[in-house]
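The values are calculated or read from the model by the stated rules, or taken from the named source; none is laboratory data. Computed from a predicted structure; not experimentally measured. Every residue, glycine as well, gets a Cβ built from its backbone with ideal geometry; the counts of neighbours run over all protein chains shown. Ligands, DNA and RNA are excluded from the accessible area calculation, which covers all protein heavy atoms including side chains. Shrake-Rupley method; radii C 1.70, N 1.55, O 1.52, S 1.80 Å.
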Amino acid sequence: KLFCWDYNGTVERFDDGRTRADLPGSAASLRRRGGVSVLTTTMRAEDPEQFLEKHDVRFVAHYGDKQVRPTSGNKAYAGVARAHGVDVDDARHVMAVFGDSKSDAPSDLPGVVFFHNDADTPAPALERVLAELDRRGHGSLHDGLASLLGGLPAPGDKKHAAVGPISFSVEMRNGGTADAPNLVPTIHDVTVQFAVADMIDVLRRMPPPSK
């Protein structure tokens, strides 16, 4: 799996300059299960890479500036996918994108799951949702989300779902333009039913979903 993370407001918290809660642990956990996490930001590499090193967040690569935002529109991820051996047609199954802005949504990879979510949500919550989508989709994050929802919502509609203590809404949004639309299933309004410290502890101790 390939996970693309925005920097400001997604990896780094705006209010205190720290990482999303327990991101180092979740990045390590995803890596142990074969996941690759990369930074996709328009910022120059030096500051984000120093931040990740300082907080021991082990991402494998940084894609910045015109590599991910070649125009003034939403970010583009096809080049990132190809750099990691992911065929564009398969991206919806093995990629997920995380960003706190609507403009972080993929403009060029249809069907890729986009978490429109800021750094206030602890990373283990997203990790748990990813694991459930992967399980339900038999390796496909896109198909897993469709299974969880009983079918993806039609454009303009909204559905709601929960994975354990984590609830969220899902919409199909256009990450492209009016002339070149690119519909992506977008997870947003993520909430958890625990205080941050308790939630991290519970999620870490919670057994994986039964097959």
- First compute the accessible area of the chain with a 1.4 Å probe, then give the percent of it belonging to carbon and sulfur atoms. 48 percent
- Say each of T177 and A154 gets a label point 7 Å from the Cα, pointing the same way as Cα to Cβ; how far apart are those two points in nm? 2.9 nm
- Task: Can you tell me the relative contact order of segment 101-160? Whole percent, Cα pairs under 8 Å, sequence separation 6 or more.
- Result: 19 percent
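Per 0.36 nm of contour for each residue apart, how much would the distance between T71 and S167 grow if the chain were fully extended, relative to their Cα-Cα spacing? Intermediate results must be reported in sequence, preceding the final value.
Details: separation 96, 0.36 × 96 = 34.56 nm, distance 3.37 nm.
So the chain would gain 31.2 nm between T71 and S167.
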- Helix-only [θ] at 222 nm, the chain, -39500 (n - 2.57) per DSSP H run of 4+, per residue, nearest 500, equals -8000 deg cm²/dmol
- Note on the structure: Each label sits 7 Å from Cα toward the beta-carbon; between R33 and H188 the label points are separated, in nm, by 2.6 nm
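Among the trypsin sites (Lys or Arg not before Pro) within segment 53-136, which fall in a DSSP loop and have no more than 15 other Cβ atoms within 10 Å of their own Cβ?
Within segment 53-136, the qualifying trypsin sites (Lys or Arg not before Pro) (loop, at most 15 other Cβ atoms within 10 Å) are R58.
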- Message: I'm spelling it out carefully: the read-out is mean projected area of the Cα convex hull in nm², the candidates are (i) 13.9; (ii) 11.1; (iii) 20.7, and one was derived from this structure. Which label?
- Response: (ii)
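Could you grab the relative contact order for the chain? Cα pairs under 8 Å, six or more apart, rounded to a whole percent.
Numbers: 435 pairs, mean separation 38.5, N = 211.
It rounds to 18 percent for the chain.
Could you give the DSSP H helices of the chain that reach 18 angstrom or more along their long axis (alpha carbon positions) and whose average Kyte-Doolittle hydropathy is no lower than 1.6? Intermediate values should be presented prior to the final figure.
On the way: long enough: 123-136 (20 Å, -0.33).
For the chain, where a helix must reach 18 Å along its axis and average at least 1.6, there are no hits.
Could you report segment 1-120's accessible area per residue, 1.4 Å probe, as an integer in Å²? Show your work: numbers first, answer last.
Details: 5360 Å² over 120 residues.
With all protein chains present, segment 1-120 gives 45 Å² per residue.
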- Equivalent ellipsoid semi-axes for segment 1-103, as square roots of 5 times the alpha carbon gyration tensor eigenvalues: give them largest first, rounded to whole Å. 21, 17, 11
